[in-house]
Amino acid sequence: MPGASHVMGPRAIVRLRGRHPELELYINILRIEEALDDILLGQGEVAVMGYRLSHPSIDIVLLMRGSLVCIVPRGHPLADRPSVSARDMARLPTRHRADRPLRADHVRTVRARERAV
């Protein structure tokens with residue numbers, strides 16, 4: 001869930017800098033495996049990730065809960081459902097066309113049942 005790392009991370013950094021301007025911060029955008037290696041090797045102190053994981057040598061703290069949405073075109077088999085599961089969405093092909101932006105009158109948003117953590 002990019003929202004956690006792309007939204008909460010920068011907001012937390014701004015607040016931290018405001019409270020402690022003397023801190024030196026080095027920020028890297030890393031793949032999950034690289035972030036875990038950095039923490040385990042002592043090269044990094046904090047990582048913000050978009051999904052839950054566990055590791056016996058790392059303390060993991062929940063920063064937020066959010067909900068996911070599934071955006072489908074009107075008339076799509078999932079469009080009339082009040083909610084869909086991640087399994088429902090995983091069965092479908094996904095694609096993104098940057099040359100055709102989404103228009104609100106062409107899509108219906110359906111809440112996903114599973115909660116992102």
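Every read-out reported here was derived from the displayed coordinates using simple, explicitly stated rules and does not represent laboratory data. Here the structure is a predicted model, which is why all the values come from computation and not from measurement.
See the values below:
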item	result
Residues that are within 25 Å of ILE39 (Cα to Cα) and of a type in the set (S, T, N, Q), drawn from segment 54-73	SER54, SER57
Positions within segment 29-80 being on the phi > 0 side of the Ramachandran plot and among the β-branched types (Val, Ile, Thr), in sequence order	none
Identity of the residue in segment 40-87, under 21 Å from PRO10 (Cα atoms) and of a type in the set (Gly, Ala, Ser), that ends up nearest to the chain's Cα centre (by Cα)	GLY50
